[in-house]
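The values are calculated or read from the model by the stated rules, or taken from the named source; none is laboratory data. Please read these numbers as outputs of a predicted model, since none were measured by experiment. Counting neighbours? That spans all protein chains shown, and the Cβs are built from the backbone with ideal geometry, glycine included. The accessibility values were calculated without ligands, DNA or RNA, using every heavy atom of the protein model including side chains. Shrake-Rupley method; radii C 1.70, N 1.55, O 1.52, S 1.80 Å.
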Amino acid sequence: LEELSGTDFNNFIIEKDREKLETSLTMLAPDNPLNIIEFRVVLHYGEIKWQQWTNKALYDKSGNVIEYQSVGRDITTQKRSEESLRIGEERYRLAVENSPNQIFSVNKNGLIVSWNKASEELFRHKREILGQPITELLYTTEESDYISNMILQVFEGKTFDINELILKSKDGKKKYMMVRLYPLIGNEEKIYACVFTATD
């Protein structure tokens with residue numbers, strides 16, 4: 001960590017993606033101090049990875065930026081799973097099933113239609129969860145309309161990142177998750193499901 005102190009983080013970001021970070025920081029404001037951005041970085045041995053960063057601006061009483069606080073995570077596996085959507089159904093299925101992230105999908109009515117092994121292990125639901133409404137996983141019903149609206153928009157081609165969503169396991173325990181919603185796209189660009197990728 002001492003070696004990185006004072007280092008310009010932009011040096012690690014792929015040149016084509018650097019503008020994304022600059023733009024995301026300029027969009028922060030006192031009434032909107034938080035955002036999420038994804039970009040590619042190059043590791044010291046040359047491998048390219050995807051990272052997702054949650055950035056927060058801290059302001060003084062006059063509204064001037066004091067500093068930025070950022071928390072990042074590796075989303076390379078998730079990105080490869082998303083890319084597999086366009087490569088082939090079988091390859092996508094294998095990528096999802098073997099992913100360390102909780103990945104499940106719902107139909108337009110919010111019913112769960114797929115459920116991977118990581119989801120089974122964290123939430124303690126086995127395949128009997130299939131066909132059940134997504135509300136079975138929500139810790140409170142207050143977020144039901146919020147999530148249902150997002151699902152409908154995903155079926156229109158949109159993608160959403162939720163910085164914190166409280167879900168629950170079969171035994172009722174809270175699970176604080178970072179969640180991404182995106183469309184499962186098949187032949188002829190048809191959207192078949194809304195995919196949830198969650199990280200505890």
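Worth a mention:
Listed here are the residues, each with its yes/no results for (1) out of contact with any Gly (no Cβ under 9 Å at 6 or more places or on another chain); (2) of a type in the set (Ser, Thr, Tyr).
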residue: Ile151; (1), (2): no, no
residue: Asn163; (1), (2): yes, no
residue: Tyr192; (1), (2): no, yes
residue: Val195; (1), (2): yes, no
residue: Ala198; (1), (2): yes, no
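- Candidates Glu120, Glu142, Glu128, Glu164, filtered to the one that is assigned to a strand (DSSP E or B) and either without any contact (Cβ under 8 Å) to a residue 24 or more places away in the chain or among the aliphatic types (A, V, I, L, M) (or both): Glu164
- Residue, farthest from Thr159 (Cα to Cα), within region 43-74, restricted to residues that are open to solvent by less than 60 Å² (accessible area, probe 1.4 Å) and modelled with pLDDT under 85: Gly46
- Residue in region 21-34 that is small (Gly, Ala, Ser), modelled with pLDDT of 85 or more and open to solvent by less than 50 Å² (accessible area, probe 1.4 Å) present: yes
- Breaking point among (1) in a loop (DSSP other than H, G, I, E, B); (2) basic (Lys, Arg); (3) farther than 17 Å from Ile112 by Cα, for Lys170: (3)
- One residue stands out among those in region 3-13 that are at pLDDT below 85 and of a type outside the set (Gly, Ala, Ser): the one that is farthest from Met178 (Cα to Cα), which is Glu3.
- In the condition set (1) at pLDDT 95 or above; (2) in a strand (DSSP E or B), Ile103 is compliant with all but (1).
Listed here are the residues, each with its yes/no results for (1) open to solvent by less than 30 Å² (accessible area, probe 1.4 Å); (2) closer than 15 Å to Thr197 by Cα; (3) in contact with a strand residue (DSSP E or B) (Cβ under 7 Å, 6 or more places away or on another chain).
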position	(1), (2), (3)
Ser99	yes, yes, no
Ser119	yes, yes, yes
Lys170	no, no, no
Met177	yes, yes, yes
